[in-house]
Amino acid sequence: MILNKHAGLLLGGVVAGCMMLMLIHPMGSLDAALRGLAVWWDVLFPSLFPFFVISEIMLGFGIVHLFGALLDPLMRPLFNIPGSGGFVAAMGYVSGYPVGAKLTAKLREQNMISRVEGERLVAFTTSSDPIFLLGAVSVGFFHDASLGLVLALAHYGSGLIVGLLMAFHGRSGSGDPDGDATLPAASAPTGGPGHGRLRTALNAMAEARRSDGRTLGELLKSAVASSLQLIIVVGGLVVFFNVLMELLAQAGVMSALFSMTGGLLSLAGFPQELSAALVSGLFEVTLGARSAGEAAGGIPLQFKAAAAAFILSWGGLSVHAQVASILNGTGLRYIPFMLARLVHALLATGLLLLLWKPVTGSGLAAWSALPAAYGLAAPQTAWISSLRLFGLLLAILLVLSGLILTLGRLRRLLVRR
């Protein structure tokens, strides 16, 4: 009780200080708000809103349940989550934050996953989208398309490692029915011996569609309404953190954070000139990645790329606030997500430095030049690229799931003989 009281007083003091700074620096606050609004309207709205609507419709039609049944043999042994998590992972990795959190919350609302399974899922499906990583960061900020491959390997590779580590999250808990218990959901059906996996998946899809019961018009209306509400929340948080960073800069707080972070980087053996990028990335991922790309030319490129990998994997407090707002009311806790983001950031940094010479010293680096061009193309081209990548990821996951299922059956046959 006393802790909550002091926390409330501290938060009230911070808000009052921000209001005072806004009165002292009205033009700076307005400019920062307009920059945040421009980022939301030009980048986030066209890239996230269609994915929000499509995911809602696919849930209503039972398509997520279909893929959940097909991907269950892959996702449960590796990540200790239902097969529907494979669909969320593919959608989250293609469309970027916070789509993975939004889909996880929807699965939780429909009782397709338990609380612990949801915390595992959202921990490793929150990532940057490839168009931003390859196009905006590699080409736009670093002006070097060849960085795309090593950044992608570090960012997505460490994200999968986080997923494997999160499989152990919650296993030691007591028998909490809302914890690690397997929920009776359509995403993990168990057909009889005479039923194939595909038939079971189609039955799960049909059952989910019957349970939903909404017509196409009602489903589309509900999807657009809920997606608009969420995208407005995302935009408000982006504007808020842009204004907050401007106010902290005007008050001299950012300079103090730069100096403190620079000292820590120097102790760790990293260039202290990267402090501005890391502090900016602590709040907002786009500003931090741009600052890393524009850092002093004397800094070795691998350290600047490592800072970008850290920022992309951490996501920024703006993304954290978006995810926290999405998870609110679902029972999913924020702390496991925050710790997973920190582990992801540290793993991405180490993995990039480890892969730097093997990747950049080979001809493989040229592979990323073509995908990076999509990030600079028209939005329609980027959309086509994203949809193709989504289909490719789902196809790969389905093939892997089928292989695991086939190997399991062969093993059982050999044991019987």
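Output the qualifying pairs, or none if there are none: Cβ atoms under 7 angstrom, residues six or more apart or on different chains, first residue in the stretch 137-155 and closer than 13 Å to Lys304 by Cα and part of a loop (DSSP other than H, G, I, E, B), second residue open to solvent by less than 20 Å² (accessible area, probe 1.4 Å) and among the polar types (S, T, N, Q).
Once the first residue is closer than 13 Å to Lys304 by Cα and part of a loop (DSSP other than H, G, I, E, B) and sits in the stretch 137-155, its partners that are open to solvent by less than 20 Å² (accessible area, probe 1.4 Å) and among the polar types (S, T, N, Q) give Asp144/Ser138.
Check off (1) open to solvent by less than 30 Å² (accessible area, probe 1.4 Å); (2) modelled with pLDDT of 90 or more; (3) not aliphatic (A, V, I, L, M) for Tyr156 and give me the number that stays unchecked.
Of the numbered conditions (1) open to solvent by less than 30 Å² (accessible area, probe 1.4 Å); (2) modelled with pLDDT of 90 or more; (3) not aliphatic (A, V, I, L, M), the odd one out for Tyr156 is (1).
One line per residue, one yes/no per condition, for (1) hydroxyl-bearing (Ser, Thr, Tyr); (2) closer than 16 Å to Met254 by Cα; (3) touching a Ser or Thr at 6+ places or on another chain (Cβ under 8 Å):
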| residue | (1), (2), (3) |
| --- | --- |
| Pro271 | no, no, no |
| Ser280 | yes, yes, yes |
| Thr286 | yes, no, no |
| Gly297 | no, no, no |
| Pro300 | no, no, no |
| Lys304 | no, no, no |
| Ala308 | no, no, no |
| Leu312 | no, no, yes |
| Ser318 | yes, no, no |
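Looking at (1) under 30 Å from His65 (Cβ atoms); (2) open to solvent by 10 Å² or more (accessible area, probe 1.4 Å); (3) not hydrophobic (A, V, I, L, M, F, W, C), can you tell me which one Ser146 breaks?
(1)
Under 9 Å between Cβ atoms, which residue pairs at least 6 apart in sequence (or on different chains) link something in the stretch 401-415 that is part of a helix (DSSP H, G or I) with a partner that is at pLDDT below 80?
Pairs found: Ser401/Arg197; Gly402/Arg197; Leu405/Arg197.
Of the residues Val323, Val359, which single one is closer than 24 Å to Val239 by Cα and either modelled with pLDDT under 95 or not in a helix (DSSP H, G or I) (or both)? Steps first, please.
On the way: Val359 fails: closer than 24 Å to Val239 by Cα.
That would be Val323, the only listed residue that is closer than 24 Å to Val239 by Cα and either modelled with pLDDT under 95 or not in a helix (DSSP H, G or I) (or both).
Output the residues belonging to the stretch 37-71 that are among the hydroxyl-bearing types (Ser, Thr, Tyr) and open to solvent by 40 Å² or more (accessible area, probe 1.4 Å).
Ser47
Any chance the stretch 161-168 includes a residue that's surrounded by fewer than 24 Cβ atoms within 10 Å (Cβ to Cβ), modelled with pLDDT under 85 and out of contact with any Leu (no Cβ under 7 Å at 6 or more places or on another chain)?
No: the stretch 161-168 contains no residue that is surrounded by fewer than 24 Cβ atoms within 10 Å (Cβ to Cβ), modelled with pLDDT under 85 and out of contact with any Leu (no Cβ under 7 Å at 6 or more places or on another chain).
Please work out which residue is modelled with the highest pLDDT, limiting yourself to the stretch 118-135 and to residues that are in a helix (DSSP H, G or I) and open to solvent by 30 Å² or more (accessible area, probe 1.4 Å).
For the stretch 118-135, the residue satisfying everything is Phe132.
Matching residues to (1) crowded, with 23+ Cβ neighbours inside 10 Å; (2) outside any helix (DSSP H, G or I); (3) over 16 Å from the mean Cα position of the chain (by Cα):
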{"residue": "Pro73", "(1), (2), (3)": "no, no, yes"}
{"residue": "Pro77", "(1), (2), (3)": "no, no, yes"}
{"residue": "Pro82", "(1), (2), (3)": "yes, yes, yes"}
{"residue": "Phe87", "(1), (2), (3)": "yes, no, no"}
{"residue": "Val94", "(1), (2), (3)": "yes, no, no"}
{"residue": "Tyr97", "(1), (2), (3)": "yes, yes, no"}
{"residue": "Ala101", "(1), (2), (3)": "yes, no, no"}
{"residue": "Lys106", "(1), (2), (3)": "no, no, no"}
{"residue": "Asn111", "(1), (2), (3)": "no, yes, yes"}
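The values are calculated or read from the model by the stated rules, or taken from the named source; none is laboratory data. Just so we're clear, the structure is a prediction, and the values are computed from it rather than from any experiment. Cβ atoms come from the backbone with ideal geometry, glycine included; neighbour counts cover every protein chain shown. Heavy atoms of the whole protein, side chains included, go into the accessibility calculation; ligands, DNA and RNA do not. Shrake-Rupley method; radii C 1.70, N 1.55, O 1.52, S 1.80 Å.
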